[in-house]
Amino acid sequence: MIKFFLMVNKQGQTRLSRYYEHVEINKRTMLEAEVIKSCLSRSKDECSFVEYKDFKLVYRQYAALFIVVGIDQTENEMAVYELIHNFVEVLDKYFSRVSELDVSFLIS
């Protein structure tokens, strides 16, 4: 099951966040900071799956955007990895080259 979905820029600023389980606001901030730090600090040669506390992180980088999905231990990492790619393809078709600015318009 997906726990959360984040879109983050290279500077570590959250551009879009969606939680599928209740998480208090102050805990969200701490969670996002730790998740972003653990994903952005990894090199391109490392795996895009990270064990984090009681769940897994699956992430992909597209230009200046990182998409991070938090899942539980029973979820298939490769399926989520492909879900991220399909999501970006849909955004790319809709916006004709998705960018960080386009994501800002999604939020509005």
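The values are calculated or read from the model by the stated rules, or taken from the named source; none is laboratory data. Because the structure is predicted, anything quoted here is derived from the model rather than measured. When we count neighbours, we look across all protein chains shown, and the Cβ atoms used for this are built from the backbone with ideal geometry, even at glycine. Please note that ligands, DNA and RNA were not included when accessible areas were found on the heavy atoms of the full protein model with its side chains. Shrake-Rupley method; radii C 1.70, N 1.55, O 1.52, S 1.80 Å.
Restricted to region 58-77, and to residues that are in contact with a Phe, Trp or Tyr (Cβ under 9 Å, 6 or more places away or on another chain) and among the hydrophobic types (A, V, I, L, M, F, W, C), which residue is nearest to GLN11 (Cα to Cα)?
So, considering only residues that are in contact with a Phe, Trp or Tyr (Cβ under 9 Å, 6 or more places away or on another chain) and among the hydrophobic types (A, V, I, L, M, F, W, C), the one nearest to GLN11 (Cα to Cα) is PHE66.
Looking at the structure I just gave you, is VAL8 closer than 18 Å to GLU82 by Cβ and either part of a strand (DSSP E or B) or out of contact with any Phe, Trp or Tyr (no Cβ under 9 Å at 6 or more places or on another chain) (or both)?
No, not satisfied.
Residues of region 57-75 being within 12 Å of the chain's Cα centre (by Cα), without any contact (Cβ under 8 Å) to a residue 40 or more places away in the chain and either open to solvent by less than 20 Å² (accessible area, probe 1.4 Å) or over 25 Å from LEU91 (Cα atoms) (or both), which ones?
The answer is LEU57, VAL58, TYR59.
Taking region 16-29, which residues are under 18 Å from VAL58 (Cβ atoms) and not hydrophobic (A, V, I, L, M, F, W, C)?
Those that are under 18 Å from VAL58 (Cβ atoms) and not hydrophobic (A, V, I, L, M, F, W, C): SER17, ARG18, TYR19, TYR20, GLU21.
Select from region 42-59 the residues that are within 19 Å of TYR20 (Cβ to Cβ), among the charged types (D, E, K, R) and at pLDDT 90 or above and list them in ascending order.
If the condition is that a residue be within 19 Å of TYR20 (Cβ to Cβ), among the charged types (D, E, K, R) and at pLDDT 90 or above, then LYS56 is the only one that fits.
Hey, could you check region 1-55 for residues that are β-branched (Val, Ile, Thr) and surrounded by 10 or more Cβ atoms within 10 Å (Cβ to Cβ) and say which is nearest to LEU91 (Cα to Cα)?
Step by step, filter region 1-55, then rank; the result is VAL8.
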